[in-house]
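Taking it in order: structure first as structure tokens, then the write-up.
Quick note: the coordinates plus some simple rules give every number you see, no bench work behind them. All values derive from a computational prediction rather than experimental measurement. Methodologically, a virtual Cβ is constructed for each residue, glycine included, from the backbone with ideal geometry; neighbour enumeration extends over all protein chains shown.
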Amino acid sequence: MGIKAKEASPMFADKLCSLSDEDLVNQYCNTRSQRVFREIYRRYKDALFRYCAQMAPRQCSQLMENFWGAFLQAPPNLGGCRLKNWLFISINRQLQNPDAVPEEARTENDSLRSALENTEVLRAIQQLPRRERNVFLLFTECGLSLATVADIEKLPLALCRHVLNQSRQMVELTVHGSARKPWKSAATLAKEAAALAAAQQEAAKQAAAKQAAESATIPKKPSLAFRWKKAPNIAAASVATTEPSVEVV
């Protein structure tokens, strides 16, 4: 009766709002109070649903029902773990297990499908490969630390950061496209082409003139001036100098 009286009191509700996630879980483990559970559910139902809807739209509704039903019956022993991390780690494990949801329960909600298809950003996220989509959503949408995301995906931290950056670029490219060049008319393009051709011709003329000027300023080596037109008879000259002179009497 004491618990029921507290649950009916507005002051008790205000106190619940001031408690941390982990304190709420401890209190629910001890009391099984429906009001405590509703406070936990209120804090995380939307974030978990958005995450599941973008990761597995066909299984989302049934997964959420099963997940919160299991939490209600057997609340977790966090053991020092943050409730936020525990929730997304646990739902991620169920998403990776295709047998967690019966085949007959895997029906995509029309309104959910319409939201995913008609919103440009959500449609871009849906086009990501599963690993890139999971890393992108857990970090960007769910607000988990990169280290926690790396643990969930079993990736080295550096590789997880690379996957996150890659997923961001893929979403940006899908939403905004590649960088667009400014539009130009055909007349403008023709003028630019003519100006480019004229500039190239002018550059060629200047290069030719510069080359001609440089060749004109290079001094030519003077040719050697010989006193004879033909090579001298060196052999005859050597003979004349070696023979003794004949003296005539």
Open item on the list: With just the Cα atoms defining each centre, how far is segment 28-98 from segment 153-169? Give it in Å.
Closed with: 25
TODO: Using label points projected 7 Å from each Cα along Cα→Cβ, tell me how many nm separate Gln96 and Arg82, to one decimal.
DONE: 2.0
TODO: Determine, from the Cβ-Cβ distance of Thr31 and Leu173 and an R0 of 35 Å, the FRET efficiency 1/(1 + (r/R0)^6), rounded to the nearest 0.05.
DONE: 0.10
Open item on the list: As an exercise, use a Förster radius of 30 Å and the Cβ-Cβ distance of Gln126 and Asn165 to find the FRET efficiency, rounded to the nearest 0.05.
Closed with: 0.95
